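A.B. asks: My questions will all concern the structure given below.
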Amino acid sequence: MQLARRDTPEVTIIASGDLRLSANQTCWPEQEKVELAVAQAIRSSGYDVVRGHPVDANTGHGFIDSQKYGREVFQGIHPESPIVVVFAAWQYSHHVLSGLMVHKGPILTVANWSGTWPGLVGMLNMNGSLAKAGVPYTTLWSENFADEHFNTCLSRWLAGKNVVQDDSHVIPVARMSLPGYARVLGNRIARQIKDSMPIMGVFDEGCMGMYNAIIPDHLLNQVGMFKERLSQSALYYETLQVTDEEAASCLTWVQERGMSFAFGTDEATELTEAQVLQQCKMYIAALRIADDFGCDTIGIQYQQGLKDLLPASDLAEGLLNSTERPPVSSRDGSRELYAGRALVHFNEVDECAGLDGYITAVLWQSLGYPSENTLHDVRWGERYDGKFVWTFQISGAAPPAHFVGGYSGTMSERQPPMYFRLGGGTVKGVCKPGQIIWSRIYVEDGRLKADLGRGEAIALPDEETERRWQSTTHQWPIMHAVLEGTSRQQLMARHKANHIQVVYVPDEGGARQALLAKAATLEQLGIESFICGRGWQ
């Protein structure tokens with residue numbers, strides 16, 4: 001493709017990428033293939049297309065890999081040019097978000113329907129960031145960019161017409177007549193949260209360009225929660241203060257309960273016991289720092305900063321989100337920290353997930369339900385046996401209680417070297433079948449909002465599970481999810497985040513009760529809420 005010039009009115013394609021060279025180089029071939037398909041679809045609709053930035057022969061990829069470079073790119077794009085942001089890989093939204101915020105032309109985000117790197121997750125992160133920033137955008141996705149729906153919607157967008165997405169599954173909670181038990185419980189939980197003034201510990205804000213994952217203080221404070229800004233350098237220092245004996249005791253505890261580790265000897269490519277012991281030290285350090293500052297929920301930035309100093313934080317995160325976990329004593333040894341309960345951890349310092357996770361834990365404890373909950377990436381999905389089955393995955397934060405067999409069904413495998421040079425083990429398992437409530441808190445129109453609905457985690461044959469694992473990231477946990485009354489198209493068109501929160505409920509009756517109680521709680525906290533699908537009926 002030729003490069004864009006200031007005086008060209010053509011449609012401009014850009015590609016936001018990772019910060020890490022290894023990730024950009026690995027993902028570039030797929031990105032290039034998808035860009036060519038999108039460009040062909042645009043040309044087939046009768047429009048010219050140019051690329052807003054070159055492929056760099058020295059780096060071996062054509063991604064915008066920093067906010068600095070993104071600024072340079074946008075200075076060379078006509079301010080009113082229609083822009084198509086193409087996603088075939090995970091990306092850091094802030095590399096291009098500043099340019100998109102000031103751009104005057106129409107914006108379209110497009111992703112390939114694939115779980116490989118994945119572009120879908122990158123696009124949903126960008127969509128949530130644009131929504132928070134108040135930037136209008138249209139979004140589309142496709143398996144091959146040749147289907148009728150994609151091309152019809154693309155043609156409308158290119159012609160300057162609105163692309164209307166189906167939101168008939170959405171009901172504003174404010175327009176519903178909630179049952180008495182839900183209103184009473186929601187009011188009580190909201191009052192309990194506000195009276196307790198919970199503290200959210202944030203280990204360095206703003207991970208991987210996730211602008212959508214940062215809640216402005218004034219909005220969080222209105223809910224009754226307050227931030228304690230912590231430093232990952234402090235977590236690194238505290239990790240180094242934990243004794244070898246404490247780390248070994250932690251590892252022995254999980255192994256005695258059946259958790260297995262795919263140990264090898266090559267530090268560069270395999271999981272080693274030394275890496276896992278460092279992760280155990282991080283787990284202990286995180287609890288002690290949280291106790292020091294009175295935190296009720298914490299988030300570790302995870303993929304930046306610490307990746308150059310320590311193994312990945314997955315094991316620490318999964319243990320923190322568990323009510324049954326290795327005991328950790330206070331510094332003076334006088335008490336067990338957070339005994340009998342999880343210290344809710346939100347992966348990648350996604351504060352929206354942290355607020356949601358904390359509210360859910362408090363409400364579920366009141367209902368007498370297991371309170372372990374976690375975020376997942378909205379990774380991908382395909383139809384199976386007549387149903388569309390989502391593949392939800394997250395690297396960190398998933399608790400063993402969510403897996404078939406609990407700890408005995410939990411395996412730890414090394415994180416991919418292209419992301420984590422120093423390794424570290426994941427918390428991997430197949431999520432158990434059962435009723436779930438899904439949700440997402442997000443920022444839009446300067447307000448906190450939330451979508452929530454019912455769903456079911458289902459069991460798939462082992463060979464199908466393995467196929468999906470091999471099509472995504474096989475080192476990470478997996479949930480096979482069917483959402484009640486919300487189609488693939490509806491979720492993709494509306495969801496404003498790369499993450500989705502999930503929690504189990506005991507049965508269908510309990511699911512309806514919990515869904516309505518959570519909706520009432522969110523409304524009482526001043527979070528404008530929407531129930532998606534038929535699960536409330």
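Just so it is clear, none of the values below were taken in a lab; they were calculated from the coordinates. As the structure is a computational prediction, the values presented were derived from the model and not from experiment. Every residue, glycine as well, gets a Cβ built from its backbone with ideal geometry; the counts of neighbours run over all protein chains shown.
A.B. asks: Pull up the DSSP beta bridges for the chain and report the antiparallel fraction as a percent, rounded to 5.
C.D. replies: 55 percent
A.B. asks: What full-extension length gain, to one decimal in nm, is calculated for residue 253 and residue 170 as 0.36 nm per residue of separation minus the Cα-Cα distance?
C.D. replies: Gain on stretching residue 253 to residue 170: 25.4 nm.
A.B. asks: Please compute the net charge surrounding residue 418, taking Lys and Arg as +1 and Asp and Glu as -1 over other residues with Cβ under 10 Å from its Cβ.
C.D. replies: Every neighbour counted, the sum reads +1.
A.B. asks: Once you put a point 7 Å from the Cα of residue 293 and another 7 Å from the Cα of residue 184, both along the Cβ direction, what distance in nm separates them?
C.D. replies: Between residue 293 and residue 184, the label points sit 3.9 nm apart.
A.B. asks: Now a separate question. Filter the trypsin sites (Lys or Arg not before Pro) in the stretch 481-537 to those in DSSP coil with at most 15 other Cβ atoms within 10 Å of their Cβ, and list the result.
C.D. replies: Answer by residue number: 534.
A.B. asks: How many Å³ per residue does the convex hull of the Cα positions in the stretch 95-253 occupy?
C.D. replies: About 237 Å³ per residue, rounded to a whole number.
A.B. asks: Can you sort 252, 374 from fewest to most other Cβ atoms within 10 Å of each residue's own Cβ?
C.D. replies: With the fewest neighbours first, 252, 374 line up as 252, 374.
A.B. asks: How do the peptides 329-340, 206-217 rank, highest first, by the average count of neighbouring beta carbon atoms within 10 Å per residue?
C.D. replies: 206-217, 329-340
A.B. asks: Stokes-Einstein D for the stretch 438-537 at 4 °C, 1.567 mPa s, Kirkwood Rh over Cα pairs, in µm²/s?
C.D. replies: 87 µm²/s
A.B. asks: For residue 104, which lysines qualify as cross-link partners when the Cα separation must be under 26 Å and same-chain residues fewer than eight apart are set aside?
C.D. replies: Partners within reach: 68, 132, 161, 496.
A.B. asks: Once R0 is set to 60 Å, what does the formula 1/(1 + (r/R0)^6) return for the Cβ-Cβ distance between residue 273 and residue 217, expressed as a FRET efficiency to the nearest 0.05?
C.D. replies: 0.90
A.B. asks: Could you put 379, 288 in order, starting from the residue whose Cβ has the fewest other Cβ atoms within 10 Å?
C.D. replies: So the residues, fewest neighbours to most, are 288, 379.
A.B. asks: Simple spin-label model, 7 Å along Cα-to-Cβ: residue 404 to residue 192 in nm?
C.D. replies: Using points 7 Å along Cα→Cβ, the separation is 3.4 nm.
A.B. asks: So, one more: Report the per residue volume, in Å³, of the convex hull enclosing the C-alpha atoms of the chain.
C.D. replies: Value for the chain: 139 Å³ per residue.
A.B. asks: For the chain, give me every cysteine whose Cβ has no other Cys Cβ within less than 4.7 Å, ordered by residue number.
C.D. replies: 27, 153, 207, 295, 352, 431, 532
A.B. asks: Continuing with the same structure: Taking the beta-carbon count within 10 Å as an exposure proxy, list 104, 194 from fewest neighbours to most.
C.D. replies: 104, 194
A.B. asks: Can you give the net charge of the other residues whose Cβ lies under 13 Å from the Cβ of residue 100, counting K and R as +1 and D and E as -1?
C.D. replies: Charge balance near residue 100 sits at +3.
A.B. asks: Using the basic label-point model (7 angstrom from Cα toward the beta carbon), what is the residue 470 to residue 237 distance in nanometres?
C.D. replies: With each label point 7 Å from Cα toward Cβ, the separation is 4.9 nm.
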